[in-house]
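Remarks on the structure that follows.
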Amino acid sequence: MRSSNFDGIDVLRKSFRGQLISPGDDAYDQARRVWNGTIDKRPAFIARCVDNDDVTAAVSFARTSGLPLAVRAGGHSVAGFSTCDGGVVVDLTRMSAVDVDGGRKRARVEGGALLGAFDVATQAHLLATPAGVVSHTGLAGLVLGGGIGWLSRMYGLSIDNLLSAQVVTADGRTVVADAETNADLFWALRGGGGNFGVVTEFEFGLHRVGPLRFLTAYHSLDDGHEILRAWTRHMAEAPDELTWVCYLRLCPAVPEMPQHMRGKPAICIAACWVGDLHEGERQLSSVLSYGEPFAITKINLSYKALQAYSFPSPALPSRAYFKNGYFDELSDSAVDAILERAGQLSSPMSQLELIYLGGAVSRVPADATAFCHREAPIVANIAAAWTDPADDARQIAWARESHAALKAEFTSGGYVNFLSDDEPDRTADVYDATTRRRLQEVKRRWDPENLFHLNQNITP
């Protein structure tokens, strides 16, 4: 690295209230790690910010020095965009406050908050808003990509509940974006990813969410055609209160699982009902009426407890690689391919997820936000997850081969939050031509030099 890149570092240190972490510092190796262990990068320094002024200073330094700039909120980016080699990482992890106004059903959330903290704070008032399904996910990255969660069929995507955002822009300004102020930026932030600035605060509308009725059950892959066919028929007519997800995964080796199924590929169905628990019991019983389910669990639980239900293994994976696409419907050949790929699973942490959206998500006009593919109801996420670096090639190959097997069945589009770092060409698929042109116009206004390029990039 050239010393000229660091001419202003001493000035930055004098004004920076947080922590600047450089190679050689005791905290460096821990601070540079992100959730996905396949990503191993060495930034020039990490700016661990404590307030908006710190973020502005770090962004301005990156711009004037010409160094790459990455933004870390939760560090959960599967693609590894939360870090970089030889550049500046704007680390928001110390900016994680959540302020809930229960009377107004509003929440203000700093950009470094995790979903778990957001859920705990809002559920203290029996309130919530759709925000992912994994508690240790960073809120900011999830929301900027759209935000699919257990409450989405009822209340829409995370972005559909976003009221305003405070943003540090590429030129070092702090602006507020909402439906009336900087409306072009507000539109682009809702689905356009981290292309337009660092969001240091979000304001959400909240909904009353009390106890939920929740179900999990397993089916043999032999029942696969029946179950997946029933699932699509059922969900096409289901009320918004019902969410039913299918996970194709290996059966865990736990006592409640039949001995002969442990470690074998299976379909795990997971369903929840938002609303009256007695009606929820009736609705979930209808979900169980198909095939011959086993290892059935039904329970009433809080939304924050549901959010803690994430990976199929009790141990969290440390390495991951995702591929994804949308289905308009599941043809026989698509089901055949899904079941064949599920039969090739080798990691107890991997799964092929089938998420049925529709409901409130589909009723938002396609041009209302930058999340434009609302008409395709089924999202498929091919989520390879594991812990041993020696398994990298095998697990990544499973995901890539599974995507290749399904590619002809997918409709256009993709979910930006499920893309990996080797898919820059998919940006043109994620956003249709009209949306992409509009995003480029916003990019030219707010980041004409493409300072924020470590993302699924919209080039100005």
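The values are calculated or read from the model by the stated rules, or taken from the named source; none is laboratory data. Remember, it's a predicted structure, so these values are computed and weren't measured experimentally. As a convention, Cβ positions derive from the backbone with ideal geometry for all residues, glycine included, and neighbour counts pool all protein chains shown. These accessible areas exclude ligands, DNA and RNA; they are computed on the full protein's heavy atoms, side chains included. Shrake-Rupley method; radii C 1.70, N 1.55, O 1.52, S 1.80 Å.
Taking region 384-431 as the search range and keeping residues that are touching a His at 6+ places or on another chain (Cβ under 9 Å) and aromatic (F, W, Y), which one is farthest from Y321 (Cα to Cα)? Among them, the one singled out is Y431. In contact with a Leu (Cβ under 6 Å, 6 or more places away or on another chain), buried (at least 19 other Cβ atoms within 10 Å of the Cβ) and not aromatic (F, W, Y): does that describe I458? Spelling it out, I458 is indeed in contact with a Leu (Cβ under 6 Å, 6 or more places away or on another chain), buried (at least 19 other Cβ atoms within 10 Å of the Cβ) and not aromatic (F, W, Y).
Is it true that G132 is touching a helix residue (DSSP H, G or I) at 6+ places or on another chain (Cβ under 6 Å) and surrounded by fewer than 23 Cβ atoms within 10 Å (Cβ to Cβ)? Here the answer is no, as G132 does not meet what is asked. State whether one or more residues within region 346-357 are hydrophobic (A, V, I, L, M, F, W, C) and under 30 Å from F186 (Cβ atoms). Yes - at least one qualifying residue is present in region 346-357. The requirement of being at pLDDT below 95 and of a type in the set (A, V, I, L, M, F, W, C) is fulfilled nowhere in region 83-98; no residue meets it. Checking A58 against (1) out of contact with any Lys or Arg (no Cβ under 9 Å at 6 or more places or on another chain); (2) in a helix (DSSP H, G or I); (3) open to solvent by 30 Å² or more (accessible area, probe 1.4 Å), which single condition isn't satisfied? Unmet for A58, out of (1) out of contact with any Lys or Arg (no Cβ under 9 Å at 6 or more places or on another chain); (2) in a helix (DSSP H, G or I); (3) open to solvent by 30 Å² or more (accessible area, probe 1.4 Å): (3). Just one of the numbered conditions (1) outside any helix (DSSP H, G or I); (2) open to solvent by 10 Å² or more (accessible area, probe 1.4 Å); (3) without any contact (Cβ under 8 Å) to a residue 60 or more places away in the chain is not true of D367: (3).
Residues in region 160-173 that are touching a helix residue (DSSP H, G or I) at 6+ places or on another chain (Cβ under 9 Å), open to solvent by 40 Å² or more (accessible area, probe 1.4 Å) and in a strand (DSSP E or B): Q166 alone.
Looking across region 411-420, the residues that are open to solvent by 30 Å² or more (accessible area, probe 1.4 Å) and either small (G, A, S) or in contact with a helix residue (DSSP H, G or I) (Cβ under 9 Å, 6 or more places away or on another chain) (or both) come down to S412, N417, F418. In region 157-169, the residues that are closer than 11 Å to A140 by Cα form Cβ pairs under 6 Å with partners that are part of a helix (DSSP H, G or I), at six or more places apart or across chains, as follows: S158/V143; A165/L189. Here the condition is being without any contact (Cβ under 8 Å) to a residue 40 or more places away in the chain, under 27 Å from T387 (Cβ atoms) and not assigned by the TED database to the domain that holds A385; of D53, D10, D29, D85, it holds for D29 alone. Restricting to region 384-399, name every residue that is of a type in the set (A, V, I, L, M) and surrounded by fewer than 23 Cβ atoms within 10 Å (Cβ to Cβ). The answer is A390, A393, I396, A397. Condition first: crowded, with 23+ Cβ neighbours inside 10 Å and in a helix (DSSP H, G or I). Now tell me which residues in region 266-283 satisfy that. Hit for region 266-283 is G280, nothing else. Taken over region 174-204, the residue count meeting the criterion of being in a strand (DSSP E or B) and open to solvent by less than 10 Å² (accessible area, probe 1.4 Å) is 6.
To keep it simple, each residue is scored yes or no on (1) within 24 Å of T243 (Cα to Cα); (2) surrounded by fewer than 17 Cβ atoms within 10 Å (Cβ to Cβ); (3) of a type in the set (S, T, Y).
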residue	(1), (2), (3)
G343	no, yes, no
M349	yes, no, no
R363	yes, yes, no
P377	yes, no, no
L406	yes, no, no
E409	yes, no, no
D422	no, yes, no
T434	no, yes, yes
R437	no, yes, no
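Applying the condition of being part of a loop (DSSP other than H, G, I, E, B) and closer than 18 Å to A383 by Cα to region 223-252 and asking which residue is most open to solvent (accessible area, probe 1.4 Å) yields P252.
For region 61-77, give me each residue that is assigned to a loop (DSSP other than H, G, I, E, B) and surrounded by fewer than 24 Cβ atoms within 10 Å (Cβ to Cβ). Across region 61-77, the qualifying residues are G66, L67, P68, H76.
Which one of the conditions (1) more than 21 Å from V133 (Cβ to Cβ); (2) within 20 Å of the chain's Cα centre (by Cα); (3) without any contact (Cβ under 8 Å) to a residue 40 or more places away in the chain does R374 fail to meet, given that it meets all the rest? The failed condition is (1). Against the test of being modelled with pLDDT of 95 or more and touching a strand residue (DSSP E or B) at 6+ places or on another chain (Cβ under 9 Å), the options Y309, Y290 yield a single qualifying residue, Y290. When L339 is tested against (1) aliphatic (A, V, I, L, M); (2) open to solvent by 20 Å² or more (accessible area, probe 1.4 Å); (3) farther than 27 Å from E409 by Cα, just one condition goes unmet, and that condition is (3).
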